[in-house]
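K.L.:
Supplied in C-alpha cells, the structure appears directly below.
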C-alpha cells in the first residue's frame, strides 16, 4: 500500500508519528511512499543484465574517464545528472548520449532538504532538469528520476506521475562518494552480484584515494571485469526496461 499526500498532511498535524514518517522518507529502497525500482525486471534478469548507474555529474574530469572505461568493456550505463551541472556542461551530456548511455534526472540543485520541499518546488526542480537534458539530447527526455540521497517525501510520487518519470533507487551501493578505500567500495558492490542488480556509483563528487585518484575510477574496471566473469552485461535503464509501463 502506497503512502499518499494525505499521510503527509496527517504527519504535519501531528497525527502520524514524525519518527515513523521520517524513517520512511529516509529509506531510499522503501516502496511504501511511492513506486520505487530497486531491481531490473525479470526479462532483464533472463538476459543476464545489470544496470550501472552514476550520480551527481556530469564532472569535467571524471565523467569522460568513466565513459572511456565503459567503452573498453562494451558496457552501457545510466547517468543521473544534476540539472545545474548539466546546464553548465551540455557538451558532456551530449557525449554521454552519443556513446549510447542514458541521461536521467537527479533534480536541479541536489539540495539536502529536497525531500522536505513543497509539491510546487519539487515540480519546478524536476521540470527544469528535464528541460536542460532535453536541450542537450536534441529533444529526448529522461524516463527515470532519482531523488538526492534517495530521500523521498510522499509528495514526490504525484510529481513524478505528472511528469511521467519513474523513481529508481538501487540494489546496492558502494558509498564511493564518502569512502576513500576502493577495496571496500568494490566489495560492497560485488557482494552477491547477480543479474537484475542496479548498482550505484558516482561520477560527480567521488571520494579520492590517498593518492588523489577518484575512487570510482579505481573501482569501475574491477567491477566491469567481475561482471564479465559472471556472464553479466551492463545496460542502461531504458535498455533494461524497454517499453515497460510504470505509471
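The values are calculated or read from the model by the stated rules, or taken from the named source; none is laboratory data. Fair warning: this is a prediction, and the values are worked out from it, not measured in the lab. We place every Cβ from the backbone using ideal geometry, glycine too, and count neighbours over all the protein chains shown.
K.L.:
In the list 64, 142, 90, which residue meets the criterion of being farther than 30 Å from residue 48 by Cβ and either modelled with pLDDT of 95 or more or surrounded by fewer than 15 Cβ atoms within 10 Å (Cβ to Cβ) (or both)?
P.N.:
Answer to the selection: 90.
K.L.:
To continue, here is another question. Please verify whether region 44-61 includes one or more residues that are touching a helix residue (DSSP H, G or I) at 6+ places or on another chain (Cβ under 8 Å), assigned to a helix (DSSP H, G or I), surrounded by fewer than 22 Cβ atoms within 10 Å (Cβ to Cβ) and touching a residue at least 40 places away in the same chain (Cβ under 8 Å).
P.N.:
Checked region 44-61: no residue is touching a helix residue (DSSP H, G or I) at 6+ places or on another chain (Cβ under 8 Å), assigned to a helix (DSSP H, G or I), surrounded by fewer than 22 Cβ atoms within 10 Å (Cβ to Cβ) and touching a residue at least 40 places away in the same chain (Cβ under 8 Å).
K.L.:
Condition first: in contact with a helix residue (DSSP H, G or I) (Cβ under 9 Å, 6 or more places away or on another chain), surrounded by 14 or more Cβ atoms within 10 Å (Cβ to Cβ) and modelled with pLDDT under 85. Now tell me which residues in region 31-43 satisfy that.
P.N.:
33, 34
K.L.:
On to the next question. Tell me whether region 143-158 contains one or more residues that are under 22 Å from residue 90 (Cα atoms) and more than 19 Å from the chain's Cα centre (by Cα). First the steps, then the outcome.
P.N.:
The initial filter retains those residues of region 143-158 that are under 22 Å from residue 90 (Cα atoms), namely 143-148.
If we keep only those that are more than 19 Å from the chain's Cα centre (by Cα) too, we end up with none.
Checking region 143-158: not a single residue is under 22 Å from residue 90 (Cα atoms) and more than 19 Å from the chain's Cα centre (by Cα).
K.L.:
Out of (1) under 18 Å from residue 107 (Cβ atoms); (2) at pLDDT below 95, the odd one out for residue 81 is which?
P.N.:
It is condition (2) that residue 81 fails.
K.L.:
Consider only pairs whose beta carbons are under 6 Å apart and that are at least six residues apart or on different chains; among these, list those whose first residue lies in region 222-238 and is surrounded by fewer than 20 Cβ atoms within 10 Å (Cβ to Cβ) and whose second residue is part of a helix (DSSP H, G or I) and at pLDDT 95 or above.
P.N.:
Within 6 Å, the pairs are 222/186; 226/190.
K.L.:
Another question, if that's okay. Within region 159-173, which residues are over 12 Å from the mean Cα position of the chain (by Cα) and crowded, with 20+ Cβ neighbours inside 10 Å?
P.N.:
Scanning region 159-173 gives 159, 160, 165.
K.L.:
Of the residues in region 93-115, how many are out of contact with any helix residue (DSSP H, G or I) (no Cβ under 8 Å at 6 or more places or on another chain) and either surrounded by 15 or more Cβ atoms within 10 Å (Cβ to Cβ) or assigned to a helix (DSSP H, G or I) (or both)?
P.N.:
Count: 2.
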